[in-house]
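Take a look at the structure below.
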Amino acid sequence: MKRLILALLLVAAATQAAVVDIVIKYGTVLTMAGPNIADGGVAIDKGKIVAVGDISGYTGKTTIDAKGDAVLPGFVNTHTHVPMVLFRGIADDRELMDWLQHYIFPAEAKNVSADFVKWGMRLGAAEMIQSGTTTFTDMYYFEDEAATEAKRAGLRGVMGETLIDFPVADNKTWDDAVAYIRRFVKKWQGDPMITPALAPHSPYLVSREHLLATRALANELHAPILIHVSETRAELKQVAEQHDNMTPGMYLDSLGFLGHDVVAAHGVWLTPEEIRVFAAKKVGVAHCPESNEMLASGMAPVADMLRAGINVGIGTDGPAGSNNNLDMVEEMASAARLQKIKMMDPTALSARKVLEMATIGGARVLGLDDKIGTLEVGKRADIVIINLQQAKTQPVYAVESSIVYAASGSSVITTICDGKILMRDRKMLTVDVPAAIAKAKQYRDQVEKSLQYHPGS
Ligand SMILES: [Zn+2]
């Protein structure tokens with residue numbers, strides 16, 4: 001009789017537990033919205049977070065044991081050019097203008113196609129999933145193909161079709177590019193995973209007239225703008241010469257270009273005046289420390305920007321010649337270290353702060369902070385689990401320090417985006433990685449051939 005009662009009680013307890021899609025348990029949970037939770041969990045249902053911390057009332061159709069691991073929001077890469085993975089390593093150790101004019105632009109003109117972008121995005125999506133990125137911000141060509149691939153891989157993307165003042169792979173004229181953007185935005189706007197955007201390259205490769213047209217188009221379409229701003233001293237010189245001695249940020253402000261819907265990549269040389277204007281206009285900044293190091297662009301005044309109240313996220317920039325990977329864990333460590341050197345102050349940017357920048361900070365830059373960036377009930381379930389039980393991450397005294405300074409992208413073992421498991425225990429579930437790598441090798445051979453010097457040509 002006693003046994004029967006016990007069995008009935010157990011059945012009653014089990015039926016009381018709400019059954020949800022996924023339960024992650026026994027991990028150290030970094031909600032990024034408050035204190036960390038030791039031995040906690042996250043319950044996920046229908047793509048959303050339904051409980052954080054105490055998840056004892058939930059039973060998962062899928063249960064993930066995160067004992068000894070860190071559970072945190074997926075990383076938000078606020079600036080990159082993902083399909084450029086197929087140019088990874090093509091022309092390193094060069095100056096930005098030399099690299100762009102003599103290597104990247106010619107290589108793109110000869111090789112970039114819808115197929116190139118599709119396979120580049122597929123390989124890049126694999127790399128992002130394997131290193132814990134769940135949201136990324138892209139600027140490239142054939143963004144429609146890129147968006148289709150990103151969605152197929154299960155990632156969240158803010159994706160901008162490039163506008164630039166010379167013929168490119170997909171659009172030969174400005175009017176073609178504008179027509180493309182109209183179609184692209186109309187097709188993707190309202191998609192739960194993809195936010196279509198406009199990506200005028202920079203104040204030095206897009207004319208005044210076209211920057212004004214871009215601003216008007218963004219207002220009309222209600223789409224965000226992604227742009228490179230104040231990256232190198234060469235840009236400062238060029239903009240000053242062409243536009244009344246103005247700095248790039250003040251020049252854009254003089255056009256009425258700046259606003260909360262603008263994501264400015266780099267901001268390396270922003271002046272105190274520009275920082276005040278960016279803060280007042282709520283311009284988001286994508287800090288790309290490894291690109292700035294690789295191209296010797298300089299050290300962005302990140303501590304000053306944060307103090308002024310600017311939303312600053314972290315970006316890898318393109319994986320060809322300016323990084324060369326899409327690893328946000330490595331990027332966080334670089335952001336912290338570079339700022340310490342710039343300020344000659346080891347307290348200038350902490351592990352906790354860069355972790356915020358790589359998650360909720362990036363979500364704010366993209367205007368997605370009501371949906372993602374923290375682990376809170378009601379938000380979309382974009383979650384990564386980092387293995388802290390490796391030799392390189394043990395022992396753990398402070399979990400933020402272990403993630404930023406000791407772990408690497410390959411320490412990410414499980415990646416979930418919008419409640420869908422994209423990688424579990426390093427097993428990729430949405431991207432055929434060997435096929436993407438095989439195609440990348442084919443493209444390398446094609447690109448190499450296309451750049452060979454032909455006498456008389
Ligand atoms: Zn860039």
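The values are calculated or read from the model by the stated rules, or taken from the named source; none is laboratory data. Remember, it's a predicted structure, so these values are computed and weren't measured experimentally. Quick reminder, even Gly has a Cβ in these numbers, built from the backbone with ideal geometry, and neighbours come from all protein chains shown. We work out accessible area using only protein heavy atoms, side chains counted, and drop any ligands, DNA or RNA first. Shrake-Rupley method; radii C 1.70, N 1.55, O 1.52, S 1.80 Å.
Pull out the extension gain between residue 152 and residue 207, defined as 0.36 nm times the separation in residues minus the alpha carbon to alpha carbon distance; nm, one decimal. Don't jump to the answer; show the numbers that get you there.
On the way: separation 55, 0.36 × 55 = 19.80 nm, distance 3.54 nm.
Value of the extension gain: 16.3 nm.
How far is helix 114-130 tilted, in degrees, relative to the longest principal axis of the Cα atoms in the chain, given as a value from 0 to 90 rounded to the nearest 10?
In the chain, helix 114-130 runs at an angle near 40 degrees to the longest axis.
Once you put a point 7 Å from the Cα of residue 347 and another 7 Å from the Cα of residue 102, both along the Cβ direction, what distance in nm separates them?
4.6
Would you tell me the accessible area of residue 175, worked out with a 1.4 angstrom probe on the heavy atoms of the protein chains, in Å² to the nearest 10?
Surface open to solvent at residue 175 totals about 110 Å².
Any idea what the relative contact order of the range 323-397 is, in percent, if you count C-alpha pairs under 8 Å spaced at least 6 apart?
16
Once you keep just the Cα pairs under 8 angstrom separated by 6 or more residues, what percentage relative contact order results for the chain?
Once normalised by length, the contact order is 20 percent.
Using only the Cα atoms of the chain, what semi-axes does the equivalent ellipsoid have when each is the square root of 5 times a gyration tensor eigenvalue? Give whole Å, largest first.
Working from the Cα gyration tensor, I get semi-axes of 39, 24, 21 Å.
If I fit a long axis through the Cα atoms of helix 2-16 and take the longest principal axis of the Cα atoms of the chain, what angle between them do I get, 0 to 90°, rounded to 10?
20
Estimate the FRET efficiency between residue 183 and residue 115 by the formula 1/(1 + (r/R0)^6), using the beta-carbon distance for r and 25 Å for R0, to the nearest 0.05.
Given R0 = 25 Å and the Cβ-Cβ separation, E is 0.80.
State the percentage of accessible surface on the range 345-457 attributable to carbon and sulfur atoms; use a 1.4 Å probe and exclude ligands, DNA and RNA.
Carbon and sulfur atoms account for 52 percent of the accessible area of the range 345-457.
Calculate for the chain the 222 nm mean residue ellipticity that helices alone would give, adding -39,500 (n - 2.57) per DSSP H run of length 4 or more and normalising by residue count, nearest 500 deg cm²/dmol.
For the chain, the value works out to -11000 deg cm²/dmol.
Would you be so kind as to identify which of 75, 29, 251 lies farthest towards the positive end of the dipole of the chain, taking Lys and Arg as +1 and Asp and Glu as -1 on Cβ and the Cα centre as origin?
My answer, from the dipole projection, is 29.
Roughly how many whole Å is it from the C-alpha centroid of the range 317-372 to that of the range 228-293?
18
Could you state the angle between the C-alpha long axis of helix 208-221 and the longest principal axis of the C-alpha atoms of the chain, as a value from 0 to 90 degrees rounded to the nearest 10?
30
For a protection proxy built on the mean count of beta-carbon atoms within 10 angstrom, sort 133-146, 297-310, 255-268 highest first, please. Don't jump to the answer; show the numbers that get you there.
Working: 133-146: 27.1, 297-310: 19.3, 255-268: 21.8.
Ranking the peptides 133-146, 297-310, 255-268 by packing returns 133-146, 255-268, 297-310.
When only C-alpha pairs under 8 Å and at least 6 residues apart count, what is the relative contact order of the range 262-405, in percent?
Contact order relative to length: 20 percent.
Find how many whole Å separate the alpha carbon centroid of the range 156-185 from the alpha carbon centroid of the range 407-452.
26
Looking only at the chain, where both bridge partners belong to it, what percent of the DSSP beta bridges are antiparallel (to the nearest 5)?
Bridges in the chain are about 40 percent antiparallel.
Over the range 371-441, with the other protein chains present, what is the accessible area per residue in square angstrom, probe 1.4 angstrom?
Ligands and nucleic acids excluded, the result is 42 Å² per residue.
Past 19 Å, Cα to Cα: identify those pairs from 420/441; 67/392; 25/48; 353/392; 371/420, in the order given.
420/441; 353/392
Using a 1.4 angstrom probe on heavy atoms only, work out the carbon and sulfur share of the accessible area of the range 120-253 in %. The partial results should precede the final answer.
Values: 2430 of 4650 Å².
Reported share for carbon and sulfur atoms: 52 percent.
Over the range 17-169, average the accessible area per residue using a 1.4 Å probe and give it in Å², no decimals.
Per residue, the range 17-169 has 32 Å² of solvent-accessible surface.
Using a simple spin-label model with points 7 Å from Cα along the Cα→Cβ vector, what separation in nm is obtained for residue 219 and residue 38?
Taking the two extended label points, one gets 5.5 nm.
For the full complex of protein chains and a 1.4 angstrom probe, list 380, 94 by accessible area with the highest value first.
The most accessible residue leads, giving 94, 380.
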